[in-house]
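Here the structure is laid out as structure tokens; the discussion comes afterwards.
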Amino acid sequence: MSGHESTYKPETGFTKWLDSRLPIIRLAHDSFVDFPTPKNLNYWYTFGGILSVCLAIQIITGVVLAMHYTADINQAFGSVERIMRDVPFGWLIRNIHMVGASMFFLAVYVHMFRGLYYGSYKAPREVLWLLGCVIYLLMMATAFLGYMLPWGQMSLHGANVIINLFGAIPLVGESIQSWLMGGPSVGNQTLQRFFSLHYLLPFMIAGVVILHIWALHVPGNNNPTGVEVQDVKKDTVPFHPYYTVKDGFAIVVFLIIFAVFVFYAPNVLGHADNYVEANPLVTPAHIVPEWYLLPFYAILRAITFNIGPMDAKLLGVIAMFGSIAVLFLLPWLDTSKVKSMRYRPVAKQFFMVFVVVCLLLGWCGASNPDNAIISMGEDKLVVNYTDAAGLEGTRVFEEYTPAAQFRDEQQTSGGVASIAIEKAPAFTFKILSQILTAYYFAFFLIILPFLGLRERPKGEPDSIHQSILGHDAPAAAPAE
Amino acid sequence: MSASNETAPDHVDEERRDFIHIAAIAATAGGAGLVAYPFIDQMNAAGDTKAASSLEVDISKIPLGGEIRVLIGGKPFFLRHRTPEEIAAAVNTDASKMPDPETDEERLMPLPDGTFNPAILVTSGACTHLGCVPVGPAQGSVGDYGGWYCPCHGSHYDTSGRIRKGPAPKNLPVPDYEWVTPALVKISL
Amino acid sequence: MKLFRPLLAGLGALALGLTAHAAGGAKHAHAPEGGWKFAKVPAGKLDKDSVQRGFQVYQEVCASCHGMKLLSYRNLGEKGGPFYSSDYPNANDNPLVKAIAAEIEILDPVPDENGDPVYRPARPSDPFRSPYPNDQAAMAANGGALPPDLSVITKARGHGNEGDGASYVYSLLSGYPDTDKIKTKAGEDGLNVNYLEFDKDHTVGTLVQPTGLYYNPYFAGDTTPQWDGDPRHAPYGGFLAMAPQLPEGRVEYIDGTEATTAQMAKDVAQFLHWAGDPKQGQRKSLALPTMLYLVLLSLLLWFSYKRIWRDVEH
């Protein structure tokens, strides 16, 4: 914390010598050993540590994989399989990297929802939140670039779809598109630059992570009460050993889940089509991104209408990028003075709905937009016909037998007739994703700004210390 | 008595706490060590690389007095069909005075029936000085001793591939090879 | 959090409703009777005999159209492979593998000293011979359809769950309609037309097999254009260019096993499952020790955590 004085005392001659030249041990000591941390952080707060482990795992396994990978469209697929088959423990390292991407996103989503719930983006932590958003953007870019490298069907056609999105941007879209592809199509040159950038971005993430931690250590941690630390003695404990051991425990539990995927179901989070080598002439039946990008994909596809001069494609792209951009505005959109939603009974409920909305958006992203979720009535049969006299018409049937009879009658009398299916009106994924998208934006742009002005917070403690004592006292109102 | 009763559990507690922390730290360190193993092992030769590390060569096509050069796993090897004069020169020189004493027969592998075919000499193609590839009969330069000459730093090898003059410290190594048939040599790395 | 639970429950119910609703498409692939031994948790093993027989089926039946370019003959004798023997840790020395490779003549990637192509018996280090020199030749020989490479087919056709790719291969190969169900009638242009009759629940009608294609309920596709019955109840599946390949007795197993269609389909599916992930044995044998270690470490850290925090109210 800014007001916190360094307690590091170099003891040996060497550390004294070093401390007056490069106080790196002092920095580490003040940041990760003696750093005063609120006593009341729960397990949701362990995901920061989990994420740094995820980043380290991805970088280490990634550097190793790059030793064996070949960024060439004729060899990429085979070189990945060579890692799985011939490189000693290559299967393990590749599985870790592949599952690790999913685990990284799983952890980052928990981390983000935690920040949202406890108001960790509010003053004085706006920059901390913004840097987190930058990391998240970089993560998405890295994941997208990396997904292309095995050069499977999803790699190629997924990249194609995403690059085409940029083409929807007015004026500069086409330039960006050809600049990303480096040619008329997604080809060898694209693969090579994607590999280069996929190698670069994680180190940029690591850099922003350092800034993120710096921005965390200036105001200090937020905590589940959202009340700032007032008395360092009563409200905080030193980071080490209290939180190193707690984070360590959480990290190992997280690694157990990680290992279950790596050893028992390494491919379950991916898509089978990516084990088919890329073929530009054949598009897979369903192009879907990896699960962690599905909500944004659903938002993209939810916009199926034009508004004024803007067509649906452009609006979809705007909505998709807007859904991320709105996160950057969040610190100024939420007007509530109270940080933690623990003490905001109404906001808490809207938040819970928001979490479910995000999960449902993921479900929509994975599904065909035209598929029915709830069908109203049965599908019917329509016979389109042109009778012998040349008159066109249609007739609708419930049952097949009369429909076929009618068709045959028309045909024998010299007309033309065919049967088609008329889908029953239904509540489709498209409609659901439109509703969910509306809620997603309303949550940030309407609910949080106005609720903060009107809501009456309940039971906010005066200090962390008081909340801990109240926590044990039987008379106190339950906080959660 | 009462004082010791109060302090004793604390003391035991302290020891137990230490034990658990030490066990946790040791288990973490041990695990980290085990995890390091696959990350180091992956640098070893991969299955396909190892599989490509042997080669069968048909020696019947080597012209008398000439040699063929093959690459196994990217490393050069010489197979030389020596003339009777070259064999005689290799056999009749006293090896004990050479920088790296070895008789000519020590540098040959027996045929399946246990005899030797001194006409065919198989050696590594990398100079033992700093790994350059020496020139031979095909390049028109065989050095002062009729074998090979390394142009990088001037090492001269004789017709048995032994170092005779120059900075190289050792004879051209004889690879691990076997005679599959009297006309087929299998060289392994 | 109380609010969260019913919402999650609702989400689960919706997801269930979706799977019930999603009729049509291909028939769901299934494992052979008794399930796959290798899919058993925590460390199911491949049936080595079955993988060996499966290789025989691949070699004698599939290999004439389908390549496996990611495999080499040596893989057969490597640890976890069907012909592994502890006497030959280096698969290149395994006489069985050498014999299998030597029976196959391949084009040497290295030409002779005159630059002419050389054909020679394969060595264990050589990749499996491709049946066609290139995709164009493969398509020309198969009526325009490209027989897919089978190296990772079980990973490409599954959903990532252990064994569902093998189940697909098994179901597809053993799922063709019986030959006596396929009837022939004269078509309008005088050529014969093959068709199948369905009479089950709502799926009543005739399905015409387009020339050169074969109906299979497990193959992803759309049968409605060839279906003369109720289009809302068209049969599952689609048409593929591969004719049924495994009639009873198609191969004569070296080990004397009776070569029924289901047996051959099961064996070759198991072989392909091994081929798609030859290091699965190593993965599974490492799984349990890793999990035990992590659980033990988490317990130690838990007690350590409880110790450190025991005097702090939080």
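In chain B, how many lysine pairs have Cα atoms under 18 Å apart, counting only pairs 8 or more places apart or on different chains? Kindly include the intermediate steps, with their values, before the conclusion.
Working: B:50/B:75; B:50/B:186; B:61/B:186; B:75/B:170; B:75/B:186; B:97/B:165; B:97/B:170.
Total qualifying Lys-Lys pairs in chain B comes to 7.
Roughly how many nanometres apart are two label points built 7 Å out from the Cα toward the Cβ at residue A:234 and residue C:48?
Calculated label separation equals 7.1 nm.
Once you have a ≥ b ≥ c as the square roots of the Cα gyration tensor eigenvalues for region B:48-188, tell me rounded if a/c is under 1.5, and otherwise prolate or oblate according to whether a/b is larger than b/c. Mind showing how you got there, number by number?
Values: a/c = 1.58, a/b = 1.21, b/c = 1.30.
Here region B:48-188 falls in the oblate category.
How high is the FRET efficiency from residue C:224 to residue C:161, r the C-beta distance, R0 22 Å, rounded to 0.05?
Working: r = 30 Å, r/R0 = 1.34.
Given R0 = 22 Å and the Cβ-Cβ separation, E is 0.15.
Would you mind getting the Kirkwood hydrodynamic radius of region A:380-422 from its Cα pairs, rounded to one decimal in Å? Please report the intermediate quantities before stating the final value.
Working: mean 1/r = 0.1008 Å⁻¹.
Computed over Cα pairs of region A:380-422, the Kirkwood hydrodynamic radius comes out at 9.9 Å.
Sequence-distant or interchain residues sharing an amide H contact under 5 Å with residue C:237, placed H: which?
Correct list: C:25, C:26, C:27, C:221.
Counting only C-alpha contacts under 8 Å and six or more residues apart, can you give the relative contact order of chain C as a whole percent? The partial results should precede the final answer.
On the way: 471 pairs, mean separation 71.1, N = 314.
The value is 23 percent.
Which of B:126, B:24, B:138 moves the most in a Gaussian network model of chain B with Cα springs under 10 Å?
Highest fluctuation of the listed residues: B:24.
What order do you get for A:443-454, C:299-310, A:85-96 when each peptide is scored by the mean count of other beta carbon atoms within 10 Å, highest first?
Working: A:443-454: 15.2, C:299-310: 18.6, A:85-96: 23.5.
Ranked from most to least packed, the peptides come out as A:85-96, C:299-310, A:443-454.
Excluding residue C:84 itself, calculate the net charge of residues whose Cβ lies under 15 Å from the Cβ of residue C:84, where each Lys or Arg counts +1 and each Asp or Glu counts -1. Provide the component values of the computation, followed by the final result.
Details: positive: A:85, C:45, C:48, C:74, C:79, C:98, C:279; negative: C:47, C:49, C:78, C:87, C:93.
Taking every other residue near residue C:84 into account, the sum is +2.
How big is the charge dipole of chain A about its Cα centre, in debye rounded to the nearest 20, if each Lys and Arg gets +1 on its Cβ and each Asp and Glu gets -1 on its Cβ?
Values: 30 positive and 34 negative charges, 298 e Å.
So the magnitude is around 1440 debye.
Taking +1 at the Cβ of each Lys and Arg and -1 at the Cβ of each Asp and Glu, which of C:85, C:124, C:235 sits farthest along the dipole of chain C towards its positive end, judged by Cα position relative to the Cα centre?
Of C:85, C:124, C:235, it is C:85.
Say R0 is 30 Å: what FRET efficiency, to the nearest 0.05, do residue C:141 and residue C:99 get from their beta-carbon distance? Present the calculation step by step, with values, prior to reporting the outcome.
Numbers: r = 29 Å, r/R0 = 0.95.
It comes to 0.55.
Summing Lys, Arg as +1 and Asp, Glu as -1, what charge do residues with Cβ under 14 Å from the Cβ of residue C:252 carry, residue C:252 excluded?
Working: positive: C:53, C:250; negative: C:60, C:248, C:255, C:258, C:267.
Net local charge, residue C:252 excluded: -3.
Taking only C-alpha pairs under 8 Å that are 6+ residues apart, what is the relative contact order of chain A in percent?
Values: 631 pairs, mean separation 89.5, N = 480.
Taking the mean separation of contacting Cα pairs over the length of chain A, I get 19 percent.
Along the charge dipole of chain C, Cβ charges K/R +1 and D/E -1, which of C:198, C:249, C:107 sits furthest on the positive end?
C:198
I'd like the distance between the alpha-carbon centres of region A:78-110 and region C:188-203, rounded to an integer number of Å.
With region A:78-110 and region C:188-203 each reduced to a Cα centre, they are spaced 48 Å.
For residue A:428, enumerate residues with amide H under 5 Å from its amide H, sequence gap 5+ or separate chain, H modeled in the peptide plane.
Here A:373 satisfy the definition.
Mind listing the phi-derived Karplus ³J(HN,Hα) values for region A:387-395, rounded to whole Hz, using 6.51, -1.76 and 1.60 with θ = phi - 60°, and x for any glycine or proline?
Values per residue, Gly and Pro as x: 7, 4, 7, x, 8, 8, x, 9, 9 Hz.
With label points built 7 Å along Cα→Cβ from the Cα atoms of residue C:64 and residue B:100, find their separation and express it in nm.
It works out to 5.6 nm between the two label points.
Does chain C classify as rounded, prolate or oblate by the C-alpha gyration tensor (a ≥ b ≥ c root eigenvalues; a/c under 1.5 gives rounded; else a/b over b/c gives prolate, otherwise oblate)? Intermediate values should be presented prior to the final figure.
Values: a/c = 2.35, a/b = 1.14, b/c = 2.07.
Since a/c reaches 1.5 but b/c is at least a/b, the shape of chain C is classed as oblate.
Can you pick out the pairs among A:380/C:27; C:98/C:284; A:313/A:430; A:234/A:348 whose Cα atoms lie more than 18 Å from each other?
Details: A:380/C:27 24 Å; C:98/C:284 28 Å; A:313/A:430 15 Å; A:234/A:348 28 Å.
Too far apart for the 18 Å limit: A:380/C:27; C:98/C:284; A:234/A:348.
Gain in length, residue A:60 to residue A:11, computed as 0.36 nm per residue apart minus the alpha-carbon separation, to one decimal in nm?
Numbers: separation 49, 0.36 × 49 = 17.64 nm, distance 3.39 nm.
Separation in residues times 0.36 nm, less the Cα-Cα distance, equals 14.2 nm.
Over the whole of C:285-293, what's the average partner chain Cβ count within 10 Å per residue? Rounded to a whole number, please. Numbers along the way, then the final one.
Numbers: counts 1, 7, 5, 1, 1, 10, 5, 0, 7.
Averaged over the peptide's residues, the number is 4.
Once R0 is set to 25 Å, what does the formula 1/(1 + (r/R0)^6) return for the Cβ-Cβ distance between residue B:170 and residue A:67, expressed as a FRET efficiency to the nearest 0.05? Show your work: numbers first, answer last.
On the way: r = 32 Å, r/R0 = 1.27.
Working from the Cβ atoms, E equals 0.20.
In nm, give the distance between the simple-model label positions of residue B:153 and residue C:200, each being 7 Å from the Cα along the Cα-to-Cβ direction.
Here the modelled spin labels are 7.9 nm apart.
Using unit Cβ charges (K, R positive; D, E negative) and no other charged atoms, how large, in debye to the nearest 20, is the dipole of region A:380-422 about its Cα centre? Spell out each step's value before the answer.
On the way: 3 positive and 7 negative charges, 10 e Å.
Result for region A:380-422 is approximately 40 debye, rounded to the nearest 20.
Evaluate peptide B:35-41: per residue, the Cβ atoms of other protein chains within 10 Å of its Cβ; return the mean as an integer. Let's see the in-between values first.
Values: counts 5, 0, 2, 10, 7, 3, 6.
Mean partner shielding for this stretch: 5.
With a 10 Å radius around each residue's Cβ, average the other Cβ atoms per peptide and rank A:405-417, A:140-152, C:178-190, highest first.
On the way: A:405-417: 14.8, A:140-152: 21.7, C:178-190: 9.5.
Going by the mean number of other Cβ atoms within 10 Å, highest first, we get A:140-152, A:405-417, C:178-190.
What is the set of long-range amide H partners of residue C:70 at a cut-off below 5 Å, with H atoms built 1.01 Å from backbone N?
Residues meeting the criterion, in which the H sits 1.01 Å from N, are C:151.
Highest first, please rank the peptides B:92-102, B:153-163 by the mean number of other Cβ atoms sitting within 10 Å of their residues. Don't skip to the end; give the middle numbers.
Working: B:92-102: 12.8, B:153-163: 23.4.
In descending order of packing, they fall as B:153-163, B:92-102.
Using helices alone, what [θ] at 222 nm do you get for the protein assembly as shown, with -39,500 (n - 2.57) per DSSP H run of 4 or more residues, divided over all residues and rounded to the nearest 500? Write down the numbers at each step before the final one.
Values: 29 runs with 434 residues, N = 983.
For the protein assembly as shown, the value works out to -14500 deg cm²/dmol.
Roughly speaking, what % of Cα-Cα pairs in chain A are separated by over 30 Å, rounded to a whole number? It would help to have the intermediate numbers written out before the result.
On the way: 67414 of 114960 pairs.
Roughly 59 percent, once rounded to a whole number.
In debye, nearest 20, what is the charge dipole magnitude of the protein assembly as shown about its Cα centre with +1 on Lys and Arg Cβ and -1 on Asp and Glu Cβ, if you could check?
Details: 75 positive and 94 negative charges, 617 e Å.
Rounded to the nearest 20 debye, it is 2960 debye.
Counting only other residues whose beta carbon sits under 12 Å from that of residue A:337, what net charge do I get with K and R as +1, D and E as -1? Kindly include the intermediate steps, with their values, before the conclusion.
On the way: positive: A:122, A:339, A:344, A:456; negative: A:334, A:455, A:460.
Here the count lands on +1.
Where the centroid of each part is defined by its Cα atoms, how far is region C:47-65 from region B:114-139 in Å?
45
If a/c stays under 1.5 just call it rounded; otherwise compare a/b with b/c (prolate if a/b is bigger, oblate if not). Do that for the protein assembly as shown, with a ≥ b ≥ c from the square roots of the Cα gyration tensor eigenvalues.
Working: a/c = 2.14, a/b = 1.14, b/c = 1.88.
Note, shape of the protein assembly as shown comes out oblate.
Helix hunt in chain A: which complete DSSP H runs extend at least 24 Å axially by C-alpha with mean Kyte-Doolittle at least 0.0? Kindly include the intermediate steps, with their values, before the conclusion.
On the way: long enough: A:47-68 (31 Å, 1.97); A:90-117 (40 Å, 0.94); A:126-148 (34 Å, 1.82); A:188-217 (44 Å, 0.94); A:239-264 (35 Å, 1.60); A:312-333 (29 Å, 2.05); A:345-366 (33 Å, 1.85).
Helix filter hits for chain A: A:47-68, A:90-117, A:126-148, A:188-217, A:239-264, A:312-333, A:345-366.
Could you let me know the centre-to-centre spacing of region A:248-322 and region A:129-173, using Cα atoms, in angstrom?
For region A:248-322 versus region A:129-173, the Cα centre distance is 10 Å.
Rule-based calculations on the coordinates, nothing more; no lab input. No experiment lies behind these values; they were computed from the predicted model shown. Virtual Cβ from ideal backbone geometry, glycine too; neighbours counted across all protein chains shown.
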